[in-house]
1. Using 0.36 nm times the number of residues separating Lys11 and Val41, minus their current alpha carbon distance, what extension gain do you get?
2. Regarding the chain, what are the three Cα extents along the principal axes, ordered largest first, in Å?
3. Please rank Lys11, Lys58, Lys53, fewest neighbouring Cβ atoms within 10 Å first, as an exposure proxy.
4. Net charge within 15 Å of Phe50 by Cβ-Cβ distance, Lys/Arg positive one each and Asp/Glu negative one each, not counting Phe50 itself?
Amino acid sequence: MIGDFYTHNKKGGRYKVVNLAEFKSDTQDLLCVIYTDRYGVLYVRLLREFICKFSKIKE
């Protein structure tokens with residue numbers, strides 16, 4: 001997953017996953033995806049949301 005390119009299912013575009021991060025709270029542990037667009041802007045999204053909204057680009 002890290003280093004792979006994905007596209008948004010509705011908006012399109014090309015995004016690269018740069019890292020995974022764990023977010024811990026008192027009640028739950030969540031896995032987040034950190035990804036970037038072609039301009040270098042970083043985004044963070046919960047893994048479960050990322051899987052629903054993005055598709056891997058087959059190169």
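1. Values: separation 30, 0.36 × 30 = 10.80 nm, distance 1.63 nm.
Gain on extension, Lys11 to Val41, equals 9.2 nm.
2. 39, 21, 18 Å, listed from the longest principal axis down.
3. Lowest to highest Cβ neighbour count: Lys58, Lys11, Lys53.
4. On the way: positive: Lys10, Lys11, Arg14, Lys16, Arg45, Arg48, Lys53, Lys56; negative: Asp4, Glu22, Asp37, Glu49.
Local net charge: +4.
Readers should treat all values here as calculations from the given coordinates under stated rules, not as data from a laboratory. Treat the numbers as computed from the prediction; the structure is a model and nothing was measured. So basically every Cβ, Gly included, is an ideal-geometry build from the backbone, and we count neighbours across all protein chains shown.
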